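> If you scroll down you'll find the structure; I have some questions about it.
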Amino acid sequence: MNKIIVNSNAKVNIGLKVLKKRNDGYHNIRTIFQEIDLIDIISIEKNKNKFKFTTNVSWLSDNNLCVTAYKLMKRKFDISKVSIDLKKNIPRGSGLGGGSSNAASIMKGIRELYSLNITDNELELLASTIGADVPFFIKGSVQLGEGIGDRLTPIIINDKFKYLIVIPDIVIDTPWAYSQIKNDLDSSSSSVNFAGLSKEKIISVDRLKFFENDFESIVVPTYPEIGEIKKMLIDLGAEYASLSGSGSTVYGIFNDDVYLNNALSYFSPKHKTFIANPL
């Protein structure tokens, strides 16, 4: 095999509790990661002559997470040079984890391309050296994230539903969001809604309405449009609506296709909007 094409899925956060800031500068968090079927497409091809990275967007720097992931795998396994082509569909600065997903997909793609003897758990440990969200995307699906998001427990949401993803034309800088929130939270805050979830490993949509994203208290006053989108999603029949990560994406969970399509019609003329399925 000389070439492989891999899908790089986005994610949403169901609830996000920001806890104590650590000595390494990260914050401990609790969140539910949910992988969705919004994808970037990555082509990885063996190239004996030189490493090459191309993409369809102009805003991505040469020193991006795809390149970081490749260099890490090359150092670890002494693989040959490759050509990587990234077709971006996941918007930047949206809280959908596009960059982290790309990094994990590069690592998984290289493992398959070179038939490397490394398990998912070992790949997660490597991925954690790139970024806090990268380990989640090694296995994906639905997982409870703790620590900096790298302590992962698979869980099940036992209902059928779809997401309506609404992305306003706002780019939110994650370091800024954390810098604003760090002094607003008691470091001993307990996240009651997450309590026991790592043992139960199953949750219903009805329970999701009690999960809150701490970034909303910072982001919504600064960007009121985000709060308006969330309110309208609920008004249009969403069972649950939330900011994803630090934003700017807002999503609603719908279990009724009529309400879902009405909401899609409402938001589509105003914002980048699409229906996504949980994976």
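> Need pairs with beta-carbon distance below 7 Å; first residue more than 13 Å from ILE167 (Cα to Cα) and within segment 259-275, second surrounded by fewer than 17 Cβ atoms within 10 Å (Cβ to Cβ) and of a type outside the set (Lys, Arg); sequence gap 6+ or separate chains.
Pairs found: TYR259/GLY237; ALA263/GLY237.
> Looking at (1) in a loop (DSSP other than H, G, I, E, B); (2) at pLDDT 95 or above, which is the one condition that is false for GLY95?
Evaluating GLY95 over (1) in a loop (DSSP other than H, G, I, E, B); (2) at pLDDT 95 or above leaves (2) as the failure.
> Please state which one of ILE79, ILE32, ILE36, ILE42 is touching a helix residue (DSSP H, G or I) at 6+ places or on another chain (Cβ under 7 Å), in contact (Cβ under 8 Å) with a residue 24 or more places away in the chain, crowded, with 21+ Cβ neighbours inside 10 Å and outside any helix (DSSP H, G or I).
It is ILE42.
> Could you list, in sequence order, the residues of segment 125-160 that are within 15 Å of LYS11 (Cα to Cα), modelled with pLDDT of 95 or more and in a loop (DSSP other than H, G, I, E, B)?
VAL134, PRO135, GLY140, SER141
> Here is a follow-up. Looking at GLY145, is it out of contact with any His (no Cβ under 9 Å at 6 or more places or on another chain), on the phi > 0 side of the Ramachandran plot and of a type outside the set (S, T, N, Q)?
When the stated conditions are applied, GLY145 does not pass them.
> So, in segment 133-152, exactly how many residues are surrounded by fewer than 21 Cβ atoms within 10 Å (Cβ to Cβ) and out of contact with any strand residue (DSSP E or B) (no Cβ under 8 Å at 6 or more places or on another chain)?
Here the count works out to 1.
> Residues of segment 12-29 being on the phi > 0 side of the Ramachandran plot and outside any strand (DSSP E or B), which ones?
Passing the criteria: only GLY25.
> Continuing with the same structure: Could you check segment 45-58 and list, in sequence order, the residues that are in a strand (DSSP E or B) and not charged (D, E, K, R)?
Scanning segment 45-58 gives PHE53, THR54, THR55.
> While we're here: Which ones in segment 210-239 are closer than 22 Å to ASN28 by Cα and surrounded by 21 or more Cβ atoms within 10 Å (Cβ to Cβ)?
The answer is PHE211, ASN213, ASP214, PHE215, ILE218, VAL219.
> Same structure again: If we scan segment 48-69, do we find a residue that is in contact with a Phe, Trp or Tyr (Cβ under 7 Å, 6 or more places away or on another chain), at pLDDT 95 or above, closer than 25 Å to SER248 by Cβ and surrounded by 15 or more Cβ atoms within 10 Å (Cβ to Cβ)?
yes
> Being under 18 Å from the mean Cα position of the chain (by Cα) and at pLDDT 95 or above is the filter; apply it to segment 245-258 and report the residue that is farthest from ILE167 (Cα to Cα).
Among residues in segment 245-258 that are under 18 Å from the mean Cα position of the chain (by Cα) and at pLDDT 95 or above, the one farthest from ILE167 (Cα to Cα) is ILE253.
> Would you please name the residue that is surrounded by the most Cβ atoms within 10 Å (Cβ to Cβ), looking only at residues in segment 85-108 that are closer than 16 Å to PRO135 by Cβ and either of a type in the set (Val, Ile, Thr) or over 11 Å from the mean Cα position of the chain (by Cα) (or both)?
ALA104
> Among the residues of segment 211-235, which ones are free of Cβ contacts under 8 Å to residues at least 60 places away in the same chain and within 23 Å of LYS160 (Cβ to Cβ)?
Within segment 211-235, LYS230, ILE234, ASP235 meet the criteria.
> Conditions: (1) polar (S, T, N, Q); (2) part of a loop (DSSP other than H, G, I, E, B); (3) closer than 19 Å to GLN34 by Cα. SER101 meets all but one. Number of the miss?
Status for SER101: all satisfied but (2).
The values are calculated or read from the model by the stated rules, or taken from the named source; none is laboratory data. What you see is a predicted model, and the numbers here were worked out from it, not measured in a lab. Positions of Cβ are generated from backbone atoms using ideal geometry, with glycine treated the same way; all protein chains shown enter the neighbour counts.
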